[in-house]
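First comes the structure, then the notes that go with it.
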Amino acid sequence: MRSDIFFVSCLVVGGIVFAAALALGNDYYFFAGYVVLQYIVLSTAWNILGGYCGYVNFGSAAFFALGAYTTVAMHRLHPMPIPVDVVFGGVVSGVVGFGMGYLTLRLRGAFFAIATLALAVVLQTLIVNWDYVGGSRGAYIVRPESFAPFGSYIKYLFMIMMLLAVGAITVARLIERSRLGYGFATIRDDELAAEASGVPTLRLKLIATTISGALMGMAGAPFPYYIGFLQPSSAFGLEYAVNSIAMPLIGGTTSWVGPLIGAILLGSLQQIATVTISSAVNLLIVGFLLVGFVIAAPNGIIGLVHKYIQHKPVGQVGRRRVEADSPEAAP
Amino acid sequence: MTGLLEINSLGKRFGGFVALESISLSVQPGERVGLIGPNGSGKSTLVNCICGTLHNEAGSVHFDGHLLDGATAHQRTRRGLARTFQLPRPFASLSLIDNVRIPLLYTVAARGGALRAAHDIDERCADLLREVGLDAKARHLPRDLTQVEMRKLELARAMAAEPKLLMADESMAGLTHSEVEEILTLLNRLNGQGVTIILIEHIMRAVMSFSQRLVVLVSGRMIADGEPNEVVRNPEVERAYLGQ
């Protein structure tokens, strides 16, 4: 399926989901749905670096928080419409992602993961000590009660996150089927052999860290409006880092579909647990599921499906074709 | 400077260990050069320095008239330097056809070659796999391959980069007599197409039948360079490498 048709199809599905939530007549579904959609963006963004390239990023919460705090800073400076905040959040997080990639170019495996964790700690310390955005006290963002034509403001936020999720999935799918996607796969498999095949691995890693960081920042940008009161402990929450990793791992990391399935499954389970038991069990659920999948299905749900179909290699979901002179074949 | 590959006084150290000491070598276009030496003599280090996987501390490498010092491995590949690895390093999650697609996408297309459309690349991938006899397994993963097929995949991937010079690093290690012949046939065919080949190998029978010229490394030093039959009779070579 062509990318533009895929994008429109996703928009149609998004519209149906929105209409279904509207038909249920309870704003709670929009609150819960927003979180699931937010995790779709986060896990898809994580997967571009972690799944496609094999570089495990433990600092997802930092990029998410950067987006959120960019919105707070913008709000203090001059309140802007949320879509503009999303763009700014994406740019700031993308630049930081590029910087992180540049500083960690030579690191791999556990060393890279520790470096991303360190980045999150450093950024949280900076935010805690930056009074302009509320510092350790936190910052209030008073959101309007309603927003035309959506009615309640949460419906508007839901729609924004829906568009972001559609955008993130489309970008991930586009990458996967492009020359860039092949390059990322070679980095994941064997960097030395990739270089010997002419793949500019360092440049590609920078592209991956930038895109991944930018998407995470975009996911975080509307968050202050969603939560109303933003403090470092909520923006840099452990659940963002853990879920961003767990969702693609459970769904499957070699395709755009994996993070989507993982985020819907795990995000929905967590929302159900939050209202039926307690939000405190959310990370426990993630832990149990993660251990279960590592043992029973190390390649995630997608891997399980492929195991039974056995038609195509695990690294290929759908037919991968690429035009050497296509726009996405930039590097 | 007339050679395709010109190495001048190349030196490489690992801490206090001298891996390569003042290596000078000139390889002419179309030549078939055998590079031999005992384990630890620096053969693979030399290949790594030429390909940019390692950086030499002394001396220089010129390829096709360009100074390569400071160039990354992928830049050297794009200039026409290809290699195979001592232990095959396929892209494990990609099918065979996608393994050979990578150099076409990142080297040939990046050079501005004729392959611009997806179907051209698909056809070229299929041709390459057919040349090495792996077309029937085009959609398989590398884990389904035998040892000799893995070596053939390495060669196909190197050929996909349309190299001017191929360094085959122990491409026949662990193969049977008939499998060695298969690889030699492939290398000879490639050489017949104008590709210069440096064969790094321990199987003397293969080296002697393939090489027009033999270079011997011992303890990081080049002790002989010349016509194969003369080189193997060199007393220093016999003492150091052939155990006589």
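Worth pointing out:
- Amide H within-cut-off set for residue B:34, under 5 Å, with H built and near neighbours excluded: B:199, B:212, B:213, B:214, B:215
- Projecting label points 7 angstrom from Cα along Cα→Cβ for residue A:23 and residue B:177 puts them 7.6 nm apart.
- Prolate/oblate/rounded label for the protein assembly as shown (Cα gyration tensor, a/c 1.5): prolate
- Put in line by how crowded their Cβ is, counting other Cβ atoms within 10 Å and starting with the fewest, A:143, A:173 read A:143, A:173.
- Put a dot 7 Å past the Cα of residue B:24, heading toward its Cβ, do the same for residue A:284, and the two dots end up 7.6 nm apart.
- Here region B:1-58 and region B:121-178 have alpha carbon centers that stand 25 Å from each other.
- Lysines whose Cα lies under 25 Å from that of residue A:307, excluding same-chain neighbours fewer than 8 positions away: B:137
- Tail weight of P(r) past 28 Å, computed on alpha-carbon pairs of chain A, percent: 39
- Annotation: the residues A:260, A:289, sorted from fewest to most other C-beta atoms within 10 Å of their own C-beta, follow the order A:289, A:260.
- Using θ = phi - 60° in the Karplus curve 6.51 cos²θ - 1.76 cosθ + 1.60, the 3J(HN,Hα) couplings for region B:165-174 round to 9, 10, 9, 9, 8, 6, 5, 10, 4, x Hz; x is entered for Gly and Pro.
- Residue A:295/residue A:229 FRET efficiency (R0 30 Å; Cβ-Cβ; nearest 0.05): 0.15
- Relative exposure of A:140, A:225, judged by other C-beta atoms within 10 Å (fewest first): A:140, A:225
- Summarising the label geometry, the points placed 7 Å from Cα in the beta-carbon direction at residue A:78 and residue A:130 lie 1.9 nm from one another.
- FRET E, pair residue A:147, residue A:305, Förster distance 30 Å, beta-carbon r, rounded to 0.05: 0.15
- Qualifying aspartates and glutamates (Cα of each under 17 Å from Cα of residue A:205; at least 8 residues distant if same chain): A:176, A:189, A:190, A:191, A:195, A:328
- Three principal axis lengths of region B:90-161 [C-alpha, angstrom, descending]: 35, 19, 17
- Calculated FRET value between residue B:144 and residue B:219, using beta carbons and R₀ = 41 Å, to 0.05: 0.50
- Fluctuation leader among A:95, A:166, A:86 - chain A, Gaussian network, Cα springs under 10 angstrom: A:95
- Reachable aspartates and glutamates from residue A:155, criterion Cα separation under 12 angstrom, eight or more residues apart if same chain: A:27, A:145
Each value in this text was obtained by applying a stated rule to the coordinates, not by laboratory testing. Bear in mind the structure is a predicted one, so any value in this text is a computation, not a measurement. All Cβ positions, even for glycine, are placed from backbone atoms using ideal geometry, and neighbour counts span all protein chains on display.
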